[in-house]
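The next block holds one structure in the form of structure tokens; read it before the comments.
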Amino acid sequence: MLTSAKRFLAAKIMQHVAEMEEQEEEEEEDEEEDEERPHKRKRRGCYKRRLQRRASWSDTGLLMELRENNLEDFRNCLHMSEESFSVLLASVKPFIEKQNTVMRKAISAERRLVVTLRFLATGRSLQDLKVSDAVSVPSLSTIIPETCDAIIRSLRAEYFKSPNTVEEWKNVAEEFDRRWQFPNCGGALNGKHVRISKPVNSGSYYFNYAGYFSIILMALVNANYEFLMVDVGKNGQVSDGGVLEHTKFMELLQTNRRGLPSNADTKANLNFVFIGDETFPLQTHLLTPFPQTVSDPESKIFNYRLTRARHVVENTFGIMANRFHIFHTAINLRPEKIEKVVLACCVLHNFLRRRDTLSYSPPEMFDSENVDTLEINPGEWRSEMRRMVPLQPLQDHCACDDAIRSREQYRTYFNSVGAVPWQAGMM
């Protein structure tokens, strides 16, 4: 049985197809009367008329009708509510609206935003979008990066602001402590390979260890599954374990320009830290797990507590890839445009996490832990094929004495005053 929304769309499509056939008949009559024109000129005029006509029954046109008649289907198509779409459109419109000219009518800001969101949500190729949305490939290759850049510029201040003061970092840490019982934590760090089509004349520059071309997305995530910082664009051939050293985040961290709290302002006077997996080097302000070969119970409890808090970044990547299917395919744009696409997805993730929390990321999407039964339930995003390949673990890194001491102090804390009742049972 067709739903009322599907019947509505089917009727609309049939109506538009009938109109198209009628206009094609008229067009054929016009062409017969104008046989003296050059063949290429006739084909070009015919294509333009068909492009204009297709706009009335394209996916974009149908989505606009859904916006007026069926908000639930509109939400499913764009992965956001109509209210959020209106807010987003108002934010980006000043950056993407174009003026009509005597030669042609400009593509509206609304249509530019819709086709961009469809590109991100579906991962469809530009050739596919050309047919379904009645916009040429050259126009799409310009419109999509421009709109992604507008999304970043218009939403960054409110939805993508990185902490820079002691108080801002302490607020992030308090949320980590409240939700994940991990004190003094400024965020969970991780990186992924984002699949791309091989750029022209790039050789093996973007070819990674997994056997395909990629750029690297490095991200710092807070306790509420939101991106705090993102570094995107390093070529996939870069040694995974050393990627962090080439990021702006590490540069600022090493020069102490992030405004991190001192030990006098932290819980139990421990170092203010960020947490990561074995991909990253152990550093004074970056905690990583003990090697899996370590068998003493205290180290295992430390690893459990760190992994438990660090799962927020894995879930964040997983949910974003689940909602933006552009990560399900090789992105076929120039690398500098891909960077804008990926960063726009991160900004939109934060935007939708706050505005459409339950529909964009319902509780069942996340990993959950039952401390009564001592069971870990995987989130629904894990049922999908892995879309973004993780970085390779770092091998044979020698940590400094301060870094080793910092991890040992946290191990002692989690096995004493910072212990939680269920931790021994989760080993």
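The values are calculated or read from the model by the stated rules, or taken from the named source; none is laboratory data. All values reported here derive from a predicted model rather than from experimental measurement. For neighbour counting, all protein chains shown are included, and Cβ atoms are generated from backbone atoms with ideal geometry for every residue, glycine included. These area figures cover heavy atoms from the full protein model, side chains too; ligands, DNA and RNA do not enter into them. Shrake-Rupley method; radii C 1.70, N 1.55, O 1.52, S 1.80 Å.
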Can you send over the carbon and sulfur percentage of the accessible area for the stretch 95-151, probe radius 1.4 Å, protein chains only? 52 percent
For the peptides 183-190, 294-301, 308-315, what is the packing order when you average, over each peptide's residues, the other Cβ atoms within 10 Å and list the highest mean first? 183-190, 308-315, 294-301
Expressed as a whole percentage, what fraction of the accessible surface of the stretch 270-427 belongs to carbon and sulfur atoms when a 1.4 Å probe is rolled over the protein heavy atoms? 49 percent
Quick one: if you stick a label point 7 Å off each Cα along the C-beta vector at Thr357 and Lys93, how many nm between them? 2.8 nm
Added length on full extension, which subtracts the Cα-Cα distance from 0.36 nm per residue, Arg179 to Val371: 67.8 nm
Counting only other residues whose beta carbon sits under 12 Å from that of Arg354, what net charge do I get with K and R as +1, D and E as -1? -1
In whole angstrom, note down how far apart the Cα centers of the stretch 169-192 and the stretch 102-161 are. 35 Å
Farthest toward positive dipole pole in the stretch 299-427 [+1 Lys/Arg, -1 Asp/Glu at C-beta], among Thr329, Val417, Pro378: Thr329
Once you've got the Cα coordinates, tell me which of Lys105/Lys192; Lys267/Lys337; Lys105/Lys234; Lys98/Lys340; Lys98/Lys337 are over 32 Å apart. Lys105/Lys192; Lys267/Lys337; Lys105/Lys234
Using modelled amide H (1.01 Å from N, peptide plane; none on Pro or chain starts), what sits under 5 Å from the amide H of Val389, excluding residues fewer than 5 places away? His193
For the stretch 186-242, the accessible surface attributable to carbon and sulfur atoms (probe 1.4 angstrom, ligands and nucleic acids excluded) amounts in percent to 48 percent
